[in-house]
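Have a look at the structure below, then the notes.
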Amino acid sequence: MFSQRFVRRSAAETFPLFDEVRQTFRISYPIRFEWAEDAPVPFTCCFWKPVIIFPSEAKNWSNEKLRAVLLHELAHIVRRDILWQNLARIAGALYWFHPLLT
């Protein structure tokens, strides 16, 4: 898995904006942040214990850009997009022969 091979752990306090953004979605469960040298864009992974992976260049981003990215990635977590995407993949695998799913 990409996040397991190329990620260095980072403390959540790296993002002082996180508490402010977290209040927007009323998230009470822990979310990890990690840096990836080879990640071209930020992304979210893991359903049970969500992780937001940031490219190493994100350390130089402005607060406005970080806030926008955090809001975007937290929206994926709140909507449980990873779960729905995996369910769609399972349905596609089960019904691979159906002509309307191509």
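The values are calculated or read from the model by the stated rules, or taken from the named source; none is laboratory data. What you see is a predicted model, and the numbers here were worked out from it, not measured in a lab. Note that we place each Cβ from the backbone using ideal geometry, even for glycine, and neighbour counts take in every protein chain shown.
Please name all residue pairs, on different chains or six or more residues apart, with Cβ atoms under 6 Å, provided the first residue is in region 80-97 and is within 12 Å of Cys46 (Cα to Cα) and assigned to a helix (DSSP H, G or I) and the second residue is among the aromatic types (Phe, Trp, Tyr) and modelled with pLDDT under 90. Once the first residue is within 12 Å of Cys46 (Cα to Cα) and assigned to a helix (DSSP H, G or I) and sits in region 80-97, its partners that are among the aromatic types (Phe, Trp, Tyr) and modelled with pLDDT under 90 give Ile82/Phe47; Leu83/Phe47. Is it the case that region 56-70 has a residue that's at pLDDT below 90, in a strand (DSSP E or B), farther than 25 Å from Trp84 by Cβ and among the hydrophobic types (A, V, I, L, M, F, W, C)? No: region 56-70 contains no residue that is at pLDDT below 90, in a strand (DSSP E or B), farther than 25 Å from Trp84 by Cβ and among the hydrophobic types (A, V, I, L, M, F, W, C). Look at (1) in contact (Cβ under 8 Å) with a residue 40 or more places away in the chain; (2) in contact with a Phe, Trp or Tyr (Cβ under 7 Å, 6 or more places away or on another chain) and you find that Ala75 fails only one, number (2).
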